[in-house]
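Presented below is the structure to which this report refers.
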Amino acid sequence: MMRQPECLEKFIRMCSDGWLQGWHENHGGNLTYRAKKEELYGLELDGGREWIPLEKKLGNLAGDYFLVTGSGKSMRNAQLYPEDALGLIEINDEGSAYRMVWGFADGGKPTSELPAHLMCQSVKKETTDGKYRFVYHAHPANIIALSFVLPLKDEIFTRELWEMEPECAMVFPAGLGVLPWMVPGTEKIAELTCEKMKEYDVVLWAQHGVFAAGDTFDNTFGLMNTVEKGGEILVKVLSMSPVKRQAPSVQDFKDMARVFDLKLPDKFLF
Ligand code: 13P
Ligand code: ZN
């Protein structure tokens, strides 16, 4: 038997890792990866399935291939049943429709958050000169819990998380965007998320989960992991006391930015 493409193996590993973190109860969360055609060796592509129109034309994704988790499928099953839990889609030459070309067995289909994934993929492809290839959505408990008690403002969430450990400012120096609760899987949540992705790599959906974008499997998973770790520390701090006795100062962040060559926006250094 021919070996699975390496990118599929890494995709499956990320699904399993997210499952083990407890971020994907039931069929929560989803993942897309913009694959290079030459990476897809060994997969038998089926070009006979119907084209499905996209609500919004995404011209810069024309001809692209994406590995995508299936709607209603558990991340836990990605490893055992990849052709059922996942699939590959191809975008048409106009960027106006997609078709499933591998996987999604027995009537499966791509994640219900496909609009948000593809719009974010489009924004990031454009703004990073094609470097970013991943969009990852997860439901990590601590950062979600914080969206019940902190004001839903980019400045507040970013600064609070940055204070929790130096890794946070190093991993998301541009900050974290916050959106209010919205109906999942809609064009509206997709539009607002991709607006935030023009500025940030990570966006919190209040009382729902996190959308993260990145260039590699490790960096994208690491970003989700770091946001949630910061969230976990903050939940512990707030559980002990509503007031912090001490925290890193604005000058501390400026010093760190200088040493590590970070561009930390002034709006978070208040
Ligand atoms: P899917 O099973 O359709 O990917 O939905 C999971 C989810 O997290 C929706 O926000
Ligand atoms: Zn979700």
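The values are calculated or read from the model by the stated rules, or taken from the named source; none is laboratory data. Here the structure is a predicted model, which means the values were calculated and not measured. Heads up, the Cβs are rebuilt from the backbone with ideal geometry, glycines too, and the neighbour counts pull from every protein chain shown. These accessible areas exclude ligands, DNA and RNA; they are computed on the full protein's heavy atoms, side chains included. Shrake-Rupley method; radii C 1.70, N 1.55, O 1.52, S 1.80 Å.
Between Ala97, Ala213, Ala257, which gets the highest mean-square fluctuation from a Gaussian network model of the chain, Cα cutoff 10 Å?
Highest fluctuation of the listed residues: Ala257.
Determine the dipole magnitude for segment 6-252: charges of +1 sit on the beta-carbon of Lys and Arg, -1 on that of Asp and Glu, nothing else is charged, the reference point is the Cα centre, and the result goes in debye to the nearest 20.
In debye, rounded to 20, segment 6-252 gives about 480.
Can you give the Rg to Rh ratio for segment 33-137, taking only C-alpha atoms and Rh from Kirkwood?
With Rh from the inverse mean 1/r over Cα pairs, Rg/Rh is 0.94.
Have a look at Leu43, Thr127, Phe268 and report the one farthest towards the positive end of the charge dipole of the chain, computed about the Cα centre with Cβ charges (Lys/Arg +1, Asp/Glu -1).
The one lying farthest along the dipole's positive direction is Phe268.
Which value, in Å² and to the nearest 10, is the accessible area of Ser239 when all protein chains are kept and the probe is 1.4 Å?
Using a 1.4 Å probe on the heavy atoms, I get roughly 90 Å².
Measure nothing but the geometry: give the 0 to 90° angle between the long axis through the Cα atoms of 217-240 and the longest principal axis through the Cα atoms of the chain, rounded to 10°.
For helix 217-240, the angle is close to 40 degrees.
Just to confirm the number: angle between the C-alpha axis of helix 187-197 and the first principal axis of the chain, 0 to 90 degrees, nearest 10?
Helix 187-197 sits roughly 60 degrees off the main axis of the chain.
Report in % the part of the accessible area of the chain that belongs to carbon and sulfur, leaving out ligands and nucleic acids; probe 1.4 Å.
Percent of accessible area from carbon and sulfur atoms in the chain: 51.
Any idea what the relative contact order of the chain is, in percent, if you count C-alpha pairs under 8 Å spaced at least 6 apart?
Contact order relative to length: 18 percent.
In the Gaussian network model of the chain, springs joining C-alpha atoms below 10 Å, which of Gln251, Gln207, Gln79 carries the largest mean-square fluctuation?
In this elastic network of the chain, the residue with the biggest mean-square fluctuation among Gln251, Gln207, Gln79 is Gln251.
If one puts a single equal scatterer on every Cα of segment 6-252 and applies the Debye formula without solvent, what log₁₀ I(q)/I(0) results at q = 0.07, 0.10, 0.14 Å⁻¹?
Relative scattering, expressed as log10 I(q)/I(0), comes to -0.23, -0.46, -0.87.
How big is the dipole moment of segment 1-61 about its Cα centre under a simple scheme where the beta carbon of each Lys and Arg is +1, that of each Asp and Glu is -1, and everything else is neutral? Debye, nearest 20, please.
Numbers: 9 positive and 10 negative charges, 49 e Å.
Dipole about the Cα centre, nearest 20: 240 debye.
Expressed as an acute angle from 0 to 90° and rounded to the nearest 10, what is the orientation of the C-alpha long axis of helix 114-127 relative to the principal long axis of the chain?
Helix 114-127 sits at roughly 70 degrees to that axis.
Given a Förster distance of 41 Å, report the FRET efficiency between Glu50 and Phe148 from their Cβ-Cβ distance, rounded to the nearest 0.05.
0.45
Could you please state, rounded to a whole Å, how far the C-alpha centre of segment 84-121 is from the C-alpha centre of segment 15-67?
5 Å
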